Protein chains: 4
Amino acid sequence: MSFNSFGHLFRFMTWGESHGPAIGAVVDGCPPGLSLSSTDIQPWLDKRRPGASRFTTQRREADLVQILSGTFEGKTTGMPISLLIENQDQRSKDYSELAKTYRPGHADYTYDVKYGLRDWRGGGRSSARETAARVAAGAIARLVIPEVAVRAYLVELGGDPVDRDAFDPEALEASPLNCPDRAAAARWETSLDAARKAGSSLGAIVECVASGVPPGWGAPVYGKLDAELALAMMSINAAKGVEIGDGFASARLRGEENADAMRAGPTFLSNHAGGILGGISSGQPVVLRVAFKPTSSILTPVLTIDSDGKETEIVTKGRHDPCVAIRAVPIVEAMMALVLADHKLLHRAQCG
Amino acid sequence: MSFNSFGHLFRFMTWGESHGPAIGAVVDGCPPGLSLSSTDIQPWLDKRRPGASRFTTQRREADLVQILSGTFEGKTTGMPISLLIENQDQRSKDYSELAKTYRPGHADYTYDVKYGLRDWRGGGRSSARETAARVAAGAIARLVIPEVAVRAYLVELGGDPVDRDAFDPEALEASPLNCPDRAAAARWETSLDAARKAGSSLGAIVECVASGVPPGWGAPVYGKLDAELALAMMSINAAKGVEIGDGFASARLRGEENADAMRAGPTFLSNHAGGILGGISSGQPVVLRVAFKPTSSILTPVLTIDSDGKETEIVTKGRHDPCVAIRAVPIVEAMMALVLADHKLLHRAQCG
Amino acid sequence: MSFNSFGHLFRFMTWGESHGPAIGAVVDGCPPGLSLSSTDIQPWLDKRRPGASRFTTQRREADLVQILSGTFEGKTTGMPISLLIENQDQRSKDYSELAKTYRPGHADYTYDVKYGLRDWRGGGRSSARETAARVAAGAIARLVIPEVAVRAYLVELGGDPVDRDAFDPEALEASPLNCPDRAAAARWETSLDAARKAGSSLGAIVECVASGVPPGWGAPVYGKLDAELALAMMSINAAKGVEIGDGFASARLRGEENADAMRAGPTFLSNHAGGILGGISSGQPVVLRVAFKPTSSILTPVLTIDSDGKETEIVTKGRHDPCVAIRAVPIVEAMMALVLADHKLLHRAQCG
Amino acid sequence: MSFNSFGHLFRFMTWGESHGPAIGAVVDGCPPGLSLSSTDIQPWLDKRRPGASRFTTQRREADLVQILSGTFEGKTTGMPISLLIENQDQRSKDYSELAKTYRPGHADYTYDVKYGLRDWRGGGRSSARETAARVAAGAIARLVIPEVAVRAYLVELGGDPVDRDAFDPEALEASPLNCPDRAAAARWETSLDAARKAGSSLGAIVECVASGVPPGWGAPVYGKLDAELALAMMSINAAKGVEIGDGFASARLRGEENADAMRAGPTFLSNHAGGILGGISSGQPVVLRVAFKPTSSILTPVLTIDSDGKETEIVTKGRHDPCVAIRAVPIVEAMMALVLADHKLLHRAQCG
């Protein structure tokens, strides 16, 4: 019911605007007794942090997280965990012309028409800055599901896909583009540089795999694990599509091609389903993909109107990512971990 | 929190198994004073009803809905509306061999491993029979949003897309395949007949458009209208992907191609966004697509195991749709209406 | 959020009006594998059933419960359990004069002013008939907490308290008044007969004890076990007060009198707290009391207005309980069981 | 579902421990466009602040609130409002002996047995310090319901009631004891001084009246306004009982005495019901009372055990209120305002 909370039992709420004094998350329902300090959270925030390469916005934020409650002598107590990240490099001045003009592709117009006013400084609450709070919450979720490994990466950028046969985990760890294919990464760097110089931007597709999920997490009908993952992923800024397993491609398969045959173990001979059957995890890796649109903030002029309804055009200055999907990787991972942690607890509740 | 409920303020819960005595939905939070009788609900159920053409399962269900509460003298009272649909044509015998064998692509294995037992008669709760209850609830949702027109249809079947220039609303209304393109419909009939004869099945993609949605419905962050629609659609049986507006295709666009320019009115010069910006409706039509996998119940033998873990193979007899997406059309429409009705009330609550 | 649902994980929704075709409850989140048939539910409904003695309404209802979903081969499946009870002895005619006149103490005026219309037949949804659905749901809750024994009884009727030293469990089981003190029961029969003859009614206080609750159920702050019990009890028709342990009397104790000293075991030397400390069960019996106002439907004329705002007076004919608290006993027990079952699952979820 | 959140549409979550760096609340679902700055909140916090008189704990906290999000140019934006209050005067040393010993009447034992560990510094999360966050959230709730005036006060302390004929609003505003009867206040001062000197403590009863509530707020069955108020009030530290209108006294009335007759207007000739009928506000003042037990922290030795289960006794040093109910007055008011603000929005949602 809360517009700013997510989850059922393992639950978090985020707050804060792009250019306010701080942003934060409060994680509620965390099991007690887990070792937790800021060093468990900071590395994930560092992965999302802006300014790490020339392929992300040049806004400089240390993104240092403080834990204000919910731990005692280094362990979680079961009480709400309040996480706070101060905003440092707000240059609201960059945005002053946005006070009156709606940026196409952004939430400017819809916030104004819904609420009758909006915090236009850097997009206010609609800024992807909010996602730092998710990443912080997601780091705690990971502690709740030590049996699960969650990893996301780009599989396509600007329409240029990776070669899945060239998937290289080491390349991925080293890649500022979160690309698991060295050759693709090199091509993408060229594309991104060109897009940036042209004042344009590119879209991309992020894939996320959760390994180690035991069978039985999730629930029927409206609590389906895949449905909740779709909610989680589509709530990320700039996400326009979510698919599980073969996703849209499965609509082009025949029944016998799509069936994941089972052998004793049980093992599955394929994973078209993406690790979820009837909304419940099957024990196979949970696999999904999220489509991100190109960054809406571009230097190319676009026709628009201002808040008086007058026609004008806009060039979005400021510091922006040429492809938001690159920094979305830790956010997708965080949302995956948050959904899985919640369903681990839900499963334990009902099925003991 | 309830695994069988959906929605926040305009909310419904469904119950019932494929081969139990009945299924039902209880709609809660409905505004009072709306004219409602079973004739407002029955036509939508008839659209979903099995056995209407040779392209759907031959199970015969009248699917007559009874309203057991929540109305008085033909009007809603604001109290919960209990809807009941009796099951009539259960042939559990057809399923008796399923008592022990897991059908690949179905929830058989995951239900068993999660709950330790399952109602195997016709898939029990995991059967798409549950969706009749959604369609009934959705019919009431439509009454809450008379300003909105919701229409879904197939845009691709078995990998064969419609020609969007041949979109013909009259053809759609007459089509047992829910196909808006006469030529495509003819091709699809051939494909479906062939698949059925081969004991196979086909996937498809359903598009849904909601026109008349005023700007301002939805909410930021975790209450985004598109995120809730993704949850709603991915909760439908056999759904494997959801996209809003240009969806996955937007990941291949450049920023300037993707921008929906605005002119006075306001009007938008395009609708790549699918009618939602920052999680809030923009006043443009809300557009989404859902990918459905091919029916998992096929006559082609598939390798599997039984509940003792022994290897075997299975041929799924019984009466099945060669393409579940055809009957998913009224379900997608219902879920769209249910999400929008809920957000209409949520918007009124916060913003007056 | 739903106005007609209760609980978090073990959750139920009720529906139905006093003079509609049926009432019902849907229980969601029930653990799988519990033995359940209608014989587990019926005895509790029989305890609440009207017409059992001259001290309750003469409306005749068999109150036979049907289980429409959620079980298979005699066991719960983890799916929603739909319970249906048909209404049989509706004499709406008795109520026809109520169509326009507001009964003081009833919900007639407030429903009308809120919703703009109301089902006036027997009070519609505001009738205590709804509580049959709670009792049915509560019977399932009892199966979730076999370690707990829940028992309620009257401790005061018409201002006349029981003698706690005369508490006799056998007397309680045999008492149509749910009175544990034979002498008090005899006095109460006299009072009730007199009140009925005078066209009046009496209030009473119900006490409920849950024994066997292990320490650790409940939660801090807004999920306090006592707070949720207060919600549960105050939601019962005609309830006007709830207290835990010593309740209002504790406001007259000094700190050292109120302290429940602890000894090894742990055991407590007293139970002023009513088995709950900081919102969490202590392992002592959970004890609460609920105050019920006298039945509002009386034969004594009361000044009122009609729905046009005109002044009139009303005599409430129909068949009514001279003291609603007598039949409230199984309802209080049901709500206690429902809250405890929910918190058992919640505790298991967070603390394993 | 969140153990630390309250409310449905107008909703808040609190976090923080007594001796952590800070405590806070996040208010979600607030309507946009309300004027809000810290000066709207601070006066209510000042009313609750410790150390204001010799009748409250001598812990010194400035309790200055900071608004970290959710406002722009002095107005609420509809986004979550993050409120932060730093802890300043933590003397955890005072509590070091509590690390191992359970204080009777406190949550020490139950937290330990539930979570397996606890933050014992000043009671951690179970401390009434959490209620400062509620008071801050409640100040915002008041802005949502400008039509309503909420006022609470003590009506009984240590078993000594006020004379209702001597109710003096001016005396109340001036009273450090929140007592509306000058004579009673003088007696209570004497009692409190005596209790403090004796190392004892006293209980009390707080009454709260909300005037100006329009008819129609609340909902049937499980969303009853009185039920939600009972939840709200019983969630306050040390609360042991809640009653609405005549409450427990109504159990001693006859039906004709209890009926609130209506005359044209409509007006009511009495308010035994406490402004709520069938769970919905009637337009009369909403009246409730909350019983608070005597402070559990006393200087009189009490038998107890330590966390190894060994028997010992305890004298609770530290700085404590001789009667917690005095400072509970602004908390009761805050919870009343929070429930009413939520139901105002809920009513608007369903009934327009």
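The values are calculated or read from the model by the stated rules, or taken from the named source; none is laboratory data. Computed from a prediction, not measured in an experiment: that's the story for all the values here. Positions of Cβ are generated from backbone atoms using ideal geometry, with glycine treated the same way; all protein chains shown enter the neighbour counts. Note: accessible area is taken over every heavy atom of the protein model, side chains too, but ligands, DNA and RNA are not part of it. Shrake-Rupley method; radii C 1.70, N 1.55, O 1.52, S 1.80 Å.
Yes or no: the stretch A:274-291 includes at least one residue that is in contact with a Cys (Cβ under 6 Å, 6 or more places away or on another chain) and touching a residue at least 12 places away in the same chain (Cβ under 8 Å). Among the residues of the stretch A:274-291, at least one is in contact with a Cys (Cβ under 6 Å, 6 or more places away or on another chain) and touching a residue at least 12 places away in the same chain (Cβ under 8 Å), which makes the answer yes. Taking (1) in contact with a Ser or Thr (Cβ under 8 Å, 6 or more places away or on another chain); (2) open to solvent by less than 10 Å² (accessible area, probe 1.4 Å) in turn, B:Asp63 satisfies each apart from (1). Meeting the requirement of 2 or more residues that are more than 7 Å from chain C (Cβ to nearest Cβ), the strands (runs of 3 or more DSSP E) wholly within the stretch D:199-295 are D:204-211, D:286-292.
Regarding the stretch C:97-118, can at least one residue be identified that is among the charged types (D, E, K, R) and under 20 Å from the mean Cα position of the chain (by Cα)? No: the stretch C:97-118 contains no residue that is among the charged types (D, E, K, R) and under 20 Å from the mean Cα position of the chain (by Cα).
Close contacts from the stretch C:59-85, counting a first residue that is away from every other protein chain (no Cβ under 13 Å) and part of a strand (DSSP E or B) and a second that is open to solvent by less than 40 Å² (accessible area, probe 1.4 Å) and of a type in the set (A, V, I, L, M, F, W, C), with Cβ to Cβ under 7 Å and a gap of 6+ residues or different chains, come to C:Val65/C:Ile41; C:Val65/C:Leu45; C:Val65/C:Leu83; C:Val65/C:Ile85; C:Val65/C:Ala136. The residues of the stretch C:193-244 that are more than 18 Å from C:Leu157 (Cβ to Cβ), open to solvent by 10 Å² or more (accessible area, probe 1.4 Å) and under 12 Å from the mean Cα position of the chain (by Cα) amount to a single one, C:Leu231. Residues in the stretch A:10-40 that are open to solvent by 10 Å² or more (accessible area, probe 1.4 Å), at the interface with another protein chain (Cβ under 8 Å from one of its Cβ atoms) and in a loop (DSSP other than H, G, I, E, B): A:Pro21, A:Pro31, A:Pro32, A:Gly33. Checked against (1) surrounded by 14 or more Cβ atoms within 10 Å (Cβ to Cβ); (2) not in a strand (DSSP E or B), B:Thr190 passes all but a single condition, namely (1).
One residue stands out among those in the stretch B:303-324 that are in contact with a Leu (Cβ under 6 Å, 6 or more places away or on another chain) and not acidic (Asp, Glu): the one that is surrounded by the fewest Cβ atoms within 10 Å (Cβ to Cβ), which is B:Val315.
Only one of A:Ala137, A:Ala107, A:Ala133 is touching a Gly at 6+ places or on another chain (Cβ under 8 Å) and more than 22 Å from A:Val302 (Cβ to Cβ); which?
Working: A:Ala137 fails: touching a Gly at 6+ places or on another chain (Cβ under 8 Å); A:Ala107 fails: more than 22 Å from A:Val302 (Cβ to Cβ).
From the options A:Ala137, A:Ala107, A:Ala133, the qualifying one is A:Ala133.
Give me the residue from the stretch D:75-101 that is open to solvent by 40 Å² or more (accessible area, probe 1.4 Å) and at pLDDT 80 or above and, out of that set, farthest from B:Val221 (Cα to Cα). Of everything passing the filter in the stretch D:75-101, D:Lys100 is farthest from B:Val221 (Cα to Cα).
Considering the stretch C:256-271 alone, what residues qualify as being touching a helix residue (DSSP H, G or I) at 6+ places or on another chain (Cβ under 8 Å) and buried (at least 21 other Cβ atoms within 10 Å of the Cβ)? Step through it out loud before you land on a result.
Start the filter on the stretch C:256-271 by keeping residues that are touching a helix residue (DSSP H, G or I) at 6+ places or on another chain (Cβ under 8 Å), which leaves C:258, C:262, C:266.
If the condition is that a residue be touching a helix residue (DSSP H, G or I) at 6+ places or on another chain (Cβ under 8 Å) and buried (at least 21 other Cβ atoms within 10 Å of the Cβ), then C:Asn258, C:Met262 are the ones that fit.
Pairs linking a residue in the stretch A:340-352 that is more than 9 Å from chain C (Cβ to nearest Cβ) and acidic (Asp, Glu) to a residue that is in a helix (DSSP H, G or I) and open to solvent by 10 Å² or more (accessible area, probe 1.4 Å), with Cβ atoms under 8 Å and 6 or more positions apart or on different chains, are A:Asp342/A:Glu228.
Which members of the stretch C:107-166 meet the condition of being open to solvent by 20 Å² or more (accessible area, probe 1.4 Å) and at positive phi? Within the stretch C:107-166, C:Gly116, C:Gly158, C:Gly159 qualify.
Restricting attention to the stretch A:273-291 and to residues that are in contact with a Ser or Thr (Cβ under 8 Å, 6 or more places away or on another chain) and farther than 15 Å from B:Met234 by Cβ, the residue that is surrounded by the fewest Cβ atoms within 10 Å (Cβ to Cβ) turns out to be A:Pro285. Just one of the listed residues (C:Thr312, C:Thr304) is modelled with pLDDT of 95 or more, touching a Phe, Trp or Tyr at 6+ places or on another chain (Cβ under 6 Å) and not in a loop (DSSP other than H, G, I, E, B), and it is C:Thr304.
Would you point out the residue of the stretch B:41-51, among those that are touching a helix residue (DSSP H, G or I) at 6+ places or on another chain (Cβ under 6 Å) and open to solvent by less than 50 Å² (accessible area, probe 1.4 Å), that is farthest from B:Val332 (Cα to Cα)? I'd like the intermediate steps shown before the answer.
Our first condition is that a residue be touching a helix residue (DSSP H, G or I) at 6+ places or on another chain (Cβ under 6 Å); within the stretch B:41-51, this holds for B:41, B:44-45, B:47-48.
Cutting the leftovers down to open to solvent by less than 50 Å² (accessible area, probe 1.4 Å) gives us B:41, B:45, B:48.
Working: B:Ile41: 15, B:Leu45: 13, B:Arg48: 11 Å.
Only one residue tops the list, namely B:Ile41.
Here is a yes/no grid of residues against (1) more than 22 Å from the chain's Cα centre (by Cα); (2) under 29 Å from B:Leu299 (Cα atoms); (3) modelled with pLDDT under 95; (4) not acidic (Asp, Glu):
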residue	(1), (2), (3), (4)
B:Glu147	no, no, no, no
B:Val150	no, no, no, yes
B:Leu157	no, yes, no, yes
B:Asp160	no, yes, no, no
B:Asp165	yes, no, no, no
B:Leu177	no, yes, no, yes
B:Asp181	no, no, no, no
B:Ala185	no, yes, no, yes
B:Ser191	yes, yes, no, yes
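Just to be sure, is D:Thr56 within 13 Å of chain A (Cβ to nearest Cβ) and modelled with pLDDT of 75 or more? Criteria not met by D:Thr56.
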